[in-house]
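One structure is given here, and the rest of the page talks about it.
The values are calculated or read from the model by the stated rules, or taken from the named source; none is laboratory data. Since the model is a prediction, treat every value here as computed from it, not as a measurement. No Cβ is skipped: glycine too gets one built from the backbone with ideal geometry, and neighbour counts run over all protein chains shown.
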Amino acid sequence: MSTQFPTDPAANLATLIRCPSVTPAEGGALSALHEMISPMGFAVDRPVFSADGTPDIENLYARLSGNGPHLMFAGHTDVVPVGDEAAWTHPPFGAEIHDGMMYGRGAVDMKGGIACFVAAVARHLEKNGPLKGSVSLLITGDEEGPAINGTDKLLEWAAKRGETWDASVVGEPTNPNTLGDAIKIGRRGSMSADIVVHGRQGHAAYPHLADNAVRGMVTLVEALLHPAFDEGTGDFQATNLEVTTIDVGNPALNVLPARAKASFNIRFNDTWSVETLQAEIRNRLERAAGRTELRPGREEKIAFDLVWRDRPSPVFLTRNEKLTAALGASVEAVTGRKPQLTTSGGTSDGRFIKDYCPVVEFGLVGQTMHMVDERVAVADLETLTQIYQRFLEDWFS
């Protein structure tokens, strides 16, 4: 039996890394995972979802059924592009091991987490026999892309088939420095928008005859950056708004532009909802539009448009003592570290899963994710597998 079951996380990861699944390509990764888990008795579906203007995405849903609670492990096999391949010390899809480190795109984000969880389930079955419940794998190929034809639709598809879950673990690389540092129990929300300021083109030597859109944009941007939106809460760090680009498209140094565009992203805590934060930002801009310090002689307000990007991500926090206690105890038992329960970092597919069941995130150390020479310590793969295995035993008991 042991020769059939994928109990070695390093071997599992090497198989997955060697599949060049750069989003949105499946790259053989889901097929490799399908072949890996089938001997354990998982029933596997691989639905493909589509939407106008986005690539078709293949996903994988697999369930090992038993009597008892249902645990979902969620993740993704798609990876970001390798960047400058010549800058890699080892081939990005080679899964080569050097000085105890396995190199490859997706090593930590997040094929490594998948490889370890699969190994943990395999070891659990060999040691204890059938699970006292059900385990499912919800794996997308769209997390690093637009996230339109992936986890969100896969959850809806599974729910329509009657699937329900008691809890979920997302295997993203959550640990900042050392395995066992942190479990993520929530995420701040995220929204993006564009501001377009409309002025009047003119000669730089005759500003009174024009209305420089840059002056208006500087005024509006300043209103968004100051004062701070909040000071944070007991569970979340402070809200921060970051202007990510300001574009004028003006090639002439002696021409005042008639149009300026800025884009921003804001990460927000549970002080705000999507609706209240959008209202606050609109109010700040409306008030600032009447300021004239940078537009002397102008009585009319700054003319601007505010356009919200699609699909804001709401803030969420998981309060489920059984889930967090069982995972925290498993981490501490294996590593000797008591993990911090944190909500730091960006968004993840947990924002979709939270609508179906309690969700937490725990995976490898994320220091090299998305970088050239992405890599993971082979020893960490074994440690994470042991954590997942102990968690399975504790949670199902």
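Residues that are under 24 Å from the mean Cα position of the chain (by Cα), modelled with pLDDT of 95 or more and aliphatic (A, V, I, L, M) do not occur anywhere in segment 282-291. With respect to being in the same structural domain as N59 (by TED's automatic domain parsing) and not in a loop (DSSP other than H, G, I, E, B), A14 fits the description.
Selection of segment 59-82 for residues being surrounded by fewer than 23 Cβ atoms within 10 Å (Cβ to Cβ) and either modelled with pLDDT under 95 or touching a Pro at 6+ places or on another chain (Cβ under 8 Å) (or both) yields Y61, S65, G66, N67, G68, V82. Taking the listed residues L131, L155, L138, L179, the one that is among the aliphatic types (A, V, I, L, M) and at pLDDT below 95 is L131, with no other qualifying.
Residues in segment 210-237 that are hydroxyl-bearing (S, T, Y) and surrounded by fewer than 20 Cβ atoms within 10 Å (Cβ to Cβ): T233 alone. Test E26 against the stated conditions and say whether it is free of Cβ contacts under 8 Å to residues at least 12 places away in the same chain and either touching a strand residue (DSSP E or B) at 6+ places or on another chain (Cβ under 6 Å) or in the same structural domain as H370 (by TED's automatic domain parsing) (or both). So E26 fails the test. Only one of the numbered conditions (1) surrounded by fewer than 18 Cβ atoms within 10 Å (Cβ to Cβ); (2) in contact (Cβ under 8 Å) with a residue 24 or more places away in the chain; (3) within 25 Å of E156 (Cα to Cα) is not met by E275, and that is (2). What number of residues in segment 227-243 are in a strand (DSSP E or B) and either under 23 Å from A205 (Cα atoms) or without any contact (Cβ under 8 Å) to a residue 24 or more places away in the chain (or both)? Adding up the residues that qualify gives 1. Entry remark, segment 149-177: residues being under 22 Å from V331 (Cα atoms), among the hydroxyl-bearing types (S, T, Y) and in contact with a helix residue (DSSP H, G or I) (Cβ under 8 Å, 6 or more places away or on another chain) number 1 in total. Among the residues making up segment 327-351, those that are among the hydrophobic types (A, V, I, L, M, F, W, C) and surrounded by fewer than 22 Cβ atoms within 10 Å (Cβ to Cβ) are A329, A333, V334, L341. Please work out which residue is surrounded by the fewest Cβ atoms within 10 Å (Cβ to Cβ), limiting yourself to segment 303-314 and to residues that are of a type outside the set (K, R) and assigned to a loop (DSSP other than H, G, I, E, B). The qualifying residue surrounded by the fewest Cβ atoms within 10 Å (Cβ to Cβ) is D310. Between A159, A182, A115, which is among the aliphatic types (A, V, I, L, M) and under 15 Å from D45 (Cβ atoms)? That would be A159, the only listed residue that is among the aliphatic types (A, V, I, L, M) and under 15 Å from D45 (Cβ atoms). Only residues that are over 16 Å from A213 (Cβ atoms), surrounded by 13 or more Cβ atoms within 10 Å (Cβ to Cβ) and not hydrophobic (A, V, I, L, M, F, W, C) were counted across segment 281-302, and they come to 3.
Scanning segment 1-57 for residues that are touching a Cys at 6+ places or on another chain (Cβ under 7 Å), aliphatic (A, V, I, L, M) and under 14 Å from D142 (Cα atoms) yields a single hit, A29.
Which residue is farthest from the chain's Cα centre (by Cα), if the candidates are limited to segment 171-200 and must be of a type in the set (S, T, Y) and closer than 28 Å to V243 by Cα? Restricting to residues being of a type in the set (S, T, Y) and closer than 28 Å to V243 by Cα, the top hit is S192. Scanning segment 180-225 for residues that are without any contact (Cβ under 8 Å) to a residue 60 or more places away in the chain and under 14 Å from I266 (Cβ atoms) gives V221, L225. D305 meets the conditions (1) of a type in the set (D, E); (2) under 16 Å from V221 (Cβ atoms); (3) under 26 Å from the mean Cα position of the chain (by Cα) in every case but one. The failed one is (3). If the condition is being under 19 Å from P251 (Cβ atoms), in contact with a strand residue (DSSP E or B) (Cβ under 8 Å, 6 or more places away or on another chain) and either outside any strand (DSSP E or B) or assigned by TED's automatic domain parsing to the domain that holds V169 (or both), then segment 185-206 contributes G199, Q201, A204. Restricting segment 257-290 to residues that are in a loop (DSSP other than H, G, I, E, B) and in contact with a Leu (Cβ under 9 Å, 6 or more places away or on another chain) leaves a set whose member that is nearest to D247 (Cα to Cα) is A289.
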